[in-house]
Structure formats: structure tokens, C-alpha cells
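Take a look at the structure set out below.
The values are calculated or read from the model by the stated rules, or taken from the named source; none is laboratory data. This is a predicted model, so every value here is computed, not measured. We place every Cβ from the backbone using ideal geometry, glycine too, and count neighbours over all the protein chains shown. Keep in mind that these areas ignore ligands, DNA and RNA; they rest on the heavy atoms of the full protein, side chains included. Shrake-Rupley method; radii C 1.70, N 1.55, O 1.52, S 1.80 Å.
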Amino acid sequence: MRVRFWGTRGSIATPGPDTIRFGGNTSCVEVTTNDGGCFILDCGTGARALGGALLANRSGPLSVTILLSHTHWDHIQGFPFFAPLFVPGNQITVCGPEGCARSLREVLSGQMEFTYFPVEIGQLPASIAFRELAEGVHEMGGVRILAQYLHHPAMTLGYRIEADGASVAYLCDHEPFAETLTHDPASVAEDEPIAHEGDRRHAHFMAGAGLVIHDAQYTPEEYPAKRNWGHSTYEYAVDLAGAAGVRELALTHHDPAHDDAFVENIARRARAYAKERGYSLHVRCANEGLDLTVEPHGVEHLVASRFASHAERETLRGMRILVVDDDPDIRALARLALTQDGHSVTEAASGREALALIEVQAPDLLVLDLLMPVQNGLDVLRILRSNTATAELPVVVLTAMDDELYTRAGFEGGATDYVTKPFTIPQLAARVRACLTRSPGRLT
Ligand SMILES: [Zn+2]
Ligand SMILES: [Zn+2]
């Protein structure tokens, strides 16, 4: 597989003399398989030059698959300027995460309304198909594409493309699920050193990949002020890629405020960090124009048993979910997120009320606040886990930021997953989807 970077900037295009080396165009990566299959990861402003190059080199109509991580500006603004869309006969398939408030086509049409752009989506001469993807394994033109939810304020997918005996994972925009990446080695002897199920799955998703392209927008010094903005540090990317046995890591989604010297320094620091941690991982900051060949390496195919099939996913709609929080605003937000996904939601304002409701209603999943006045979430969790009927009940706990003590107690008390407040509707929806798909008894 060949991988070429056409846009490496996050948030907003940043052209100018200070960004010549790493580039000013926003997220866009071209992946070409040996038999000429063309996949485009995100359609930031880099897609304009890519479109021109594809037209210049074509022999006959083009067939292109666009994989959108999500629809924030910096991942779609190049779409209306992607020239192959203006040529009749070209086949463009646009994929993105399913289950957002509007369809993928509607969202992309929005930025092409007459107020913003002279050509509406329905007027584009190419043949365009839209395909909304859930977490799981997808076949596209003989290529295996895996998708997995990332941790970002919008519904966002990471992709893993497996072809030619090699794998490339693209993971933008994403931030650590847990502030505390690893279990406290002094207090718990764990087989699995990564503490949060989400971070563990994130590492697993990269397992043995020849190349991982990862968000690293912030430095470790900047990150605390940007927590919950949905981006990673190089340390997180290096730690997870290192643990996953990845060969090569390309850091990208560079912050618009970081000039070439700054990004160069991030690359140096990331390499030193990887060395210090003992990983045999080649690390670089991706620049516009970077062209890489990904050779077969390690794990060719990711074992996909953690994903639900389409039929299984269908049965996961309409679950009974109990939301337990003393804050009525949080309950209302959670209700909105979960009813939108087709679940039926009941609410409890205290741990005591929750335990009573669980006995009567036997919910399929619990969203549980840890800090509540009457009977707190940890007590509830302890009672549930000691009772055979509820020992396996999936529980997504809600924790406050900067509350490491409770977070650790939640992990150790048997929480299935946890979401940090404040959360957005897509964040909670994605966690609950992932949690239901993976709960014991549903999947092995
Ligand atoms: Zn972005
Ligand atoms: Zn984003």
C-alpha cells in the first residue's frame, strides 16, 4: 500500500511562511492499494490538490472511496473542491459514521447550500453514493476496512485499511478516554496494564499495523487546558502504538498555532519519548507531500471478534437503559443521547432509587453517576457486582474530570466503561453503543 499526505493540519487551514515544511492544508490522506484501489481518509482542504492529481493521472473514469472520520470542518471543507466530483462517469463513494442527527448526505449538502457555495450537491455530475458505517468490519472493493469509534465531541470513526498483506490505521480526531492511562502497578496486579476499556480497544485496533496515523495536536503541557476538546498528545499516541507493536507512527492534525519549528520539536520529543520507553517504533510528524510505502508487517488482519455483526447491531436497538444521576440536566442530556439511538430510558435520581428500579425493571444497561448524595455510584456498583443477577450488567459510569481517586475506584469496582463529564450527546451515544456490543453474553 502507498500512503500520501495531502493535509496534516488540524482545525483550520494555516498557510504561510511558518508552515511550509509541515503544510497548512487540513486533514486528507490518500491510500492506494497495489491494484490501484483509491481510498481517501478525510476531505480537509488537502483534498483539492489530491483531486487535481487524480484527474491528471487517470486513464478512464475514477472510482474513489472517501472515508470521513467525522464531519467537522477541517475534515470536509475540501469536499466541494474535489475536482473528480465534477466529472461525469466518476464513481465516488462517501462513507462516514452512522447515527448522527442528520444523514451524511444532508450534512455535506449543508456546507454546499447556495449561501455558502455556488454548486449544490445534487448538481455534481459524478455518480456519488453515500454509505453510513457503524463500528465493525466492512468489505470495499476487495479491501477490508475496519471502523471503530474514537473519543471526540462528535460521532467519529477511526479506520484500519487492510490490503496487500499490510495494515494502515488512521486515528483522528481522538483524545485519551482516561486521564490515567495505566493501572496503578502498586495497587493492582493486572494482566492488562491499560486501565480504560476504551484505550485498550484503541491500542488493540492498531495491533501490528505497519503504519498508524494518529492525532497529536497538543503537547503534554498544552493538553490539561484542552481536555475534552477531542485531541491527543504525542505521548499517548507513542504509548499506545508502542504497546500495540506498530512499526511506524505518523503524528498529524498539527495545531494551527504550531509553526514548523514547533512541530519539528514535537517530532524530536516524540522520538526521544519512544526511545526512553523502549519501543521499537519509528516516529515522525507527517508533512504535506509525505509519501510512504507500507510493507506487510506483523498482524496482517486484526481479529475482529470484538465487533458486532449487522444483525447483532440491529438487536441492540431498543434496549432498556436506566440513567442514574442526581443532576436533572445530566439525566435529560443522557435521555436525549440514548432515545435518539432507539433505546427506552428510565431515570433515577439516587443510588437507592436506582437499586429499587433495577429489581423491578431489569434494565439492559446502566448509566451511573459515581458521586451522588444519597447512595453513591460506587456503593451501587458494589451491590450490583455481588449479586449474581446483576454481576454482568453493563455499567457505564459518569465521573467528573480530575477525579482520579474515583476513576480508579470505578475501574476496580467493576465498571464496564466510563464517560467523563462534561460529555456531548455523540460521546455518550458512542460509548453506550460500544458497551452494548461488547457486553458479555452478546459477543465472544
Ligand atoms: Zn479535526
Ligand atoms: Zn473534530
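Of all the listed residues (228, 265), the sole one being within 16 Å of ligand 2 (Cβ to nearest atom) and farther than 23 Å from residue 6 by Cβ is 228. Check whether at least one residue in the stretch 420-428 is assigned to a loop (DSSP other than H, G, I, E, B) and modelled with pLDDT of 90 or more, and report yes or no. No, because not a single residue in the stretch 420-428 is assigned to a loop (DSSP other than H, G, I, E, B) and modelled with pLDDT of 90 or more. Checking 58, 48 one by one, the residue that is out of contact with any Gly (no Cβ under 8 Å at 6 or more places or on another chain), basic (Lys, Arg) and either within 16 Å of ligand 2 (Cβ to nearest atom) or closer than 26 Å to residue 168 by Cα (or both) is 58 and no other. The requirement of being modelled with pLDDT under 90 and assigned to a strand (DSSP E or B) is satisfied by residue 399. Please work out if residue 78 is within 16 Å of ligand 1 (Cβ to nearest atom) and within 17 Å of residue 41 (Cα to Cα). Yes; evaluated as a whole, the condition is true for this residue.
The rows are residues; the columns are (1) more than 30 Å from residue 164 (Cβ to Cβ); (2) polar (S, T, N, Q).
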{"site": "256", "(1), (2)": "yes, no"}
{"site": "261", "(1), (2)": "yes, no"}
{"site": "271", "(1), (2)": "no, no"}
{"site": "287", "(1), (2)": "no, yes"}
{"site": "292", "(1), (2)": "no, no"}
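Of the residues in the stretch 141-160, none is hydrophobic (A, V, I, L, M, F, W, C), in contact with a helix residue (DSSP H, G or I) (Cβ under 9 Å, 6 or more places away or on another chain), more than 16 Å from ligand 1 (Cβ to nearest atom) and more than 15 Å from residue 204 (Cα to Cα). The numbered conditions (1) of a type in the set (D, E, K, R); (2) within 29 Å of residue 422 (Cβ to Cβ); (3) in contact with a helix residue (DSSP H, G or I) (Cβ under 8 Å, 6 or more places away or on another chain) are all true for residue 227 except (3). How about the stretch 382-419: which of its residues are open to solvent by 40 Å² or more (accessible area, probe 1.4 Å) and farther than 30 Å from residue 223 by Cα? Matches in the stretch 382-419: 382, 383, 385, 386, 387, 388, 389, 392.
For residue 152, indicate whether it is part of a loop (DSSP other than H, G, I, E, B), open to solvent by less than 20 Å² (accessible area, probe 1.4 Å) and modelled with pLDDT of 95 or more. Considered against the rule, which asks whether it is part of a loop (DSSP other than H, G, I, E, B), open to solvent by less than 20 Å² (accessible area, probe 1.4 Å) and modelled with pLDDT of 95 or more, residue 152 comes out as no.
Quick check: is even one residue across the stretch 209-218 crowded, with 17+ Cβ neighbours inside 10 Å, farther than 20 Å from residue 6 by Cα, among the charged types (D, E, K, R) and touching a residue at least 40 places away in the same chain (Cβ under 8 Å)? For the stretch 209-218, residues crowded, with 17+ Cβ neighbours inside 10 Å, farther than 20 Å from residue 6 by Cα, among the charged types (D, E, K, R) and touching a residue at least 40 places away in the same chain (Cβ under 8 Å): absent. When the test is whether a residue is more than 29 Å from residue 430 (Cα to Cα), hydroxyl-bearing (Ser, Thr, Tyr) and more than 16 Å from ligand 1 (Cβ to nearest atom), residue 109 does not pass it. Picking from residues in the stretch 223-250 that are in a loop (DSSP other than H, G, I, E, B) and either of a type in the set (A, V, I, L, M, F, W, C) or free of Cβ contacts under 8 Å to residues at least 24 places away in the same chain (or both), the one that is most open to solvent (accessible area, probe 1.4 Å) is 229.
Among residues of the stretch 168-179 that are over 25 Å from residue 411 (Cα atoms) and part of a strand (DSSP E or B), those with a beta-carbon under 8 Å from a residue that is within 11 Å of ligand 1 (Cβ to nearest atom) and polar (S, T, N, Q) at least six positions away or on a different chain give the pairs 170/69. Number of residues in the stretch 362-381 that are open to solvent by 10 Å² or more (accessible area, probe 1.4 Å) and either part of a loop (DSSP other than H, G, I, E, B) or more than 24 Å from residue 423 (Cβ to Cβ) (or both) equals 9. For beta carbons closer than 8 Å, sequence separation of 6+ or different chains, a first residue in the stretch 74-95 that is on the phi > 0 side of the Ramachandran plot and a second that is not polar (S, T, N, Q), the qualifying pairs are 89/61; 89/126.
Could you say whether any residue in the stretch 251-267 is open to solvent by less than 50 Å² (accessible area, probe 1.4 Å) and aromatic (Phe, Trp, Tyr)? No, the stretch 251-267 contains no residue that is open to solvent by less than 50 Å² (accessible area, probe 1.4 Å) and aromatic (Phe, Trp, Tyr).
Restricting to the stretch 232-257, name every residue that is within 16 Å of ligand 1 (Cβ to nearest atom) and either of a type in the set (A, V, I, L, M) or in contact with a helix residue (DSSP H, G or I) (Cβ under 7 Å, 6 or more places away or on another chain) (or both). Hits for the stretch 232-257 are 233, 237, 250, 251, 254, 257. Residues that are within 22 Å of residue 109 (Cα to Cα), out of contact with any Leu (no Cβ under 7 Å at 6 or more places or on another chain) and within 13 Å of ligand 1 (Cβ to nearest atom) are absent from the stretch 47-64.
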